[in-house]
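Notes for the one structure printed next.
The values are calculated or read from the model by the stated rules, or taken from the named source; none is laboratory data. This one's a predicted model, so the numbers in the text were calculated from it and none came from an experiment. Quick reminder, even Gly has a Cβ in these numbers, built from the backbone with ideal geometry, and neighbours come from all protein chains shown.
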Amino acid sequence: MTQLGVAIVTASSALAGATVGGLFTLLKGRQEAGERQADRDEQQRHRRLEARRDAYIGFLKAFGDAEDELHLLYEFRVPASMAIFEDAQRPVIKGFNNLFQAKLGVEMAGPAVMAAQAQRVLDQLYSIIEEYEGCFKENKDRADATSLIDLVPGHSRLANRLNIQRDRFTGAARVQLGGDVDEVPREVLRNYVGDLARLE
């Protein structure tokens, strides 16, 4: 083989080696980029789940606090003046406002189905506050001393509806956070799936 032939074979081998090496480097770079993107996606998903968990727990805590304050209305006794009732109602309204702020956190964390569930809890709590306020206005001058809870028609029905809405929110939160769906009551799942269908 002549020197020219040796040079051509050597150059061709070097070129082929560089091409194969470059191809492997390119493939390895793409694989690493894909792995980095997958890691970023997983971290983002984890942060989103953490934000949702925090928002849902914050909402349930605010709900518990607001529910505790409701007992001030349940135990309020008439006859009494409007000023005394408003003083007793003030912590209840504050609890409602805190629950409203927590609902905004749920809206921010998402998804919309959870915001809808939180709104139902808020609406039910508000309806109880309105019911007790109306009952007080009707009975504030009553002659015999009585607790409002004994005067509100269907108190247990109202309280039961509030618990149902809380349970629906809790069940939907479990589903959103990847919890065991088998632990969520069927009625709660039906409500959740219905909400999903309406919101899409």
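A few comments on the model shown:
- Near pairs, Cβ below 7 angstrom, 6+ apart or cross-chain, from the stretch 159-180 (closer than 13 Å to Arg53 by Cβ) to any residue that is basic (Lys, Arg) and in a helix (DSSP H, G or I): Gln176/Arg52; Leu177/Arg52; Leu177/Arg53
Let's see how each residue does on (1) out of contact with any helix residue (DSSP H, G or I) (no Cβ under 7 Å at 6 or more places or on another chain); (2) without any contact (Cβ under 8 Å) to a residue 24 or more places away in the chain; (3) on the phi > 0 side of the Ramachandran plot:
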site	(1), (2), (3)
Leu23	yes, yes, no
Gln31	yes, yes, no
Arg36	yes, yes, no
Ala55	no, no, no
Ala62	no, no, no
Asp68	yes, no, no
Ser81	yes, no, no
Ala88	no, yes, no
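So that you can scan it fast, the table gives a plain yes or no per residue for (1) outside any helix (DSSP H, G or I); (2) basic (Lys, Arg); (3) closer than 16 Å to Arg168 by Cα:
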| site | (1), (2), (3) |
| --- | --- |
| Ala83 | no, no, no |
| Glu86 | no, no, no |
| Phe96 | no, no, no |
| Gln101 | no, no, no |
| Ala115 | no, no, yes |
| Asp123 | no, no, yes |
| Ile129 | no, no, no |
| Gly134 | no, no, no |
| Val152 | yes, no, no |
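- Filter result for Ile93 (at pLDDT below 85, more than 23 Å from Gln176 (Cβ to Cβ) and surrounded by 12 or more Cβ atoms within 10 Å (Cβ to Cβ)): no
The rows are residues; the columns are (1) at negative phi; (2) at pLDDT below 90; (3) hydrophobic (A, V, I, L, M, F, W, C).
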residue: Val121; (1), (2), (3): yes, no, yes
residue: Cys135; (1), (2), (3): yes, no, yes
residue: Asp144; (1), (2), (3): yes, yes, no
residue: Leu148; (1), (2), (3): yes, yes, yes
residue: Arg157; (1), (2), (3): yes, yes, no
residue: Pro185; (1), (2), (3): yes, yes, no
residue: Arg190; (1), (2), (3): yes, yes, no
residue: Gly194; (1), (2), (3): yes, yes, no
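- Screening the stretch 136-150 for residues that are charged (D, E, K, R) and not in a helix (DSSP H, G or I) and picking the one that is nearest to Phe63 (Cα to Cα) gives Lys140.
- A single entry from Gln37, Gln31, Gln44 fulfils the requirement of being under 28 Å from the mean Cα position of the chain (by Cα), in a helix (DSSP H, G or I), surrounded by 10 or more Cβ atoms within 10 Å (Cβ to Cβ) and modelled with pLDDT under 85: Gln37.
- Of the residues making up the stretch 49-81, those that are assigned to a helix (DSSP H, G or I) and over 30 Å from Pro111 (Cβ atoms) are His71, Leu72, Leu73, Tyr74.
- Top-ranked residue of the stretch 152-164 - restricted to ones that are over 25 Å from the mean Cα position of the chain (by Cα) and surrounded by fewer than 17 Cβ atoms within 10 Å (Cβ to Cβ), ranked as nearest to Glu107 (Cα to Cα): Arg157
- Within the stretch 165-188, considering residues that are surrounded by fewer than 17 Cβ atoms within 10 Å (Cβ to Cβ) and among the hydrophobic types (A, V, I, L, M, F, W, C), the one nearest to Glu133 (Cα to Cα): Leu177
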